[in-house]
1. Please list 354-365, 380-391, 287-298 highest first by mean number of surrounding beta-carbon atoms within 10 Å per residue.
2. Normalised by the number of residues in segment 448-492, what is the relative contact order in percent for Cα pairs under 8 Å and 6+ residues apart?
3. Of the beta bridges DSSP finds with both residues in segment 370-502, what % are antiparallel, to the nearest 5?
4. Tell me, what is the FRET efficiency for Lys67 and Arg235 to the nearest 0.05, using R0 = 51 angstrom and their Cβ-Cβ distance as r?
5. Once both labels are modelled 7 Å past Cα along the beta-carbon direction, what's the Asp224-Thr318 spacing in nm?
6. Rounded to the nearest angstrom and ordered from largest down, what semi-axes does the equivalent ellipsoid of segment 320-424 get from its C-alpha gyration tensor (root of 5λ)?
7. Could you tell me the relative contact order of segment 416-502? Use alpha-carbon pairs under 8 Å, at least six residues apart, and round to a whole percent.
8. How far is it, in nm, from the label point at Val263 to the one at Gln407 when both lie 7 Å from their Cα along the line to the Cβ?
Amino acid sequence: MPASQALLVPVVVMFLQLAISTTSTRTSTSTSTATTHHDNVTEAKTKTTIYPDFEVLNVKQALRETKTRPMKPSQYQELFKINPNDSESGGKKKLKLVHRDKVSFSNKLHHNQSHVFHARMQRDVKRVASLIHRLSSGSTAKYEVEDFGSEVVSGMNQGSGEYFVRIGIGSPPRSQYMVIDSGSDIVWVQCKPCTQCYHQTDPLFDPEDSATFMGVACSSAVCDRVQNAGCNSGRCRYEVSYGDGSYTKGTLALETLTFGRTVVRNVAIGCGHSNRGMFVGAAGLLGLGGGSMSFMGQLSGQTGNAFSYCLVSRGTNTNGFLEFGSDAMPVGAAWIPLVRNPRAPSFYYIRLSGLGVGVTKVPISEDVFQLTELGNGGVVMDTGTAVTRFPTVAYEAFRNAFIDQTQNLPRASGVSIFDTCYNLFGFLSVRVPTVSFYFSGGPILTVPANNFLIPVDDAGTFCFAFAPSPSGLSILGNIQQEGIQISVDEANEFVGFGPNIC
């Protein structure tokens, strides 16, 4: 059965679902607080929306995409060539965004789906453990020191080396692959002279070759903002270590960054001279967190404290994007409030009120997803975590509801962190119940089937792509974010979903 494309529009969320076919619908009446850009909406609306109870997963297409081979080094430079027709007017700065599996950072082009999947899950487990450690510290002072350390190292070693952009560093600009991380506040790159550096694809950045590199003095305000700073010969230094033995050491500097044709001067970056960890070929990290040292925090005046991104789906031949500036905020998105956690200013929290499977809103107390006054729990949006986590009580109810509505599908043994899997070998397509996120205030996000039932090998094993959280923290991971434009408007404290896709 060939899959067609259909628009799923639960309440106010409008985005194109990929590889979906629908033949039956139900009617729901909900209250929405956002139908256009949030600045233009002041009153709630009640509307009746028709949307499907089920989707069709195109099994054949999903398996075909697992066989997509990463590009050779000679090919992937073409990905990031500047298109002269791209517009950067109105304060916008737009970059292409690709998943790490699309680019080979080694001479071996081995691409076995099972190997890629298990490697991704291993990174993901480390990433989640790192986030929970950072967010569960009982001491605020201890949290701040460890926060800075993990923000530099966790960007790649703890599993957030998932999506890459290419930017220019210095003058003249030297192109470098950088990992984006919505939970980090540091812009950081490996630098010469390097006493110990991991392998990266591009030549190491040499400050001596840049006319705009300027070291930060120990007495500067920038150095004061670094919790774990030191001083050597009048220059501000950082030395950050992590419990697994990874570390980075170097100097803080002000440098020029180039995004396409846009030049941004005097950005505070970490220049790492001694680094150790599993950094998979990228030169450094572009921190997009909510703290003052992140790229967004430093350039709030130029970007309006706003950015938008779309994480391209795995195995496709399309590119995602990362765009800066208030003009990048789309009309037609579903806007929900951005929640702040004083204990974790780097992270973007959202209010989730419930989960849905097909016709059922799963009976889960909304309190399970709430951020407490002590800064525990809550729901974090994270580009570096692959698989969405929910507290165990919520996950088990959610999973059981999905199992109840997929009794017709042949089961398979659990794989890695997934305990609910299916043997879809020989199927062209299968009918599965819709999966929805209910947000506080009314909006409902219905997730494309490819974002919650994913192949874990080449043999037709598909798994329900959610996992229990070992704590009260919920994390909205990048698999569930794929293909949907997500916009963060820090200035007005809103997060938007849709309406565009990638």
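1. Numbers: 354-365: 17.8, 380-391: 24.9, 287-298: 23.2.
Put in order of decreasing packing, that is 380-391, 287-298, 354-365.
2. On the way: 25 pairs, mean separation 14.6, N = 45.
Rounded, it is 32 percent for segment 448-492.
3. On the way: 20 of 27 bridges.
In segment 370-502, approximately 75 percent of DSSP beta bridges are antiparallel ones.
4. Values: r = 50 Å, r/R0 = 0.98.
FRET efficiency, Lys67 to Arg235: 0.55.
5. 4.7 nm
6. On the way: eigenvalues 176, 72, 46 Å².
Its equivalent ellipsoid spans semi-axes of 30, 19, 15 Å.
7. Details: 99 pairs, mean separation 20.7, N = 87.
Averaging sequence separation for qualifying contacts and normalising by length gives 24 percent for segment 416-502.
8. Result for the modelled spin labels: 6.8 nm.
The values are calculated or read from the model by the stated rules, or taken from the named source; none is laboratory data. Just so it is clear, the model here is predicted, and its values are computed rather than measured. Methodologically, a virtual Cβ is constructed for each residue, glycine included, from the backbone with ideal geometry; neighbour enumeration extends over all protein chains shown. Calculation scope for accessible area: heavy atoms of the full protein, side chains included, ligands and nucleic acids excluded. Shrake-Rupley method; radii C 1.70, N 1.55, O 1.52, S 1.80 Å.
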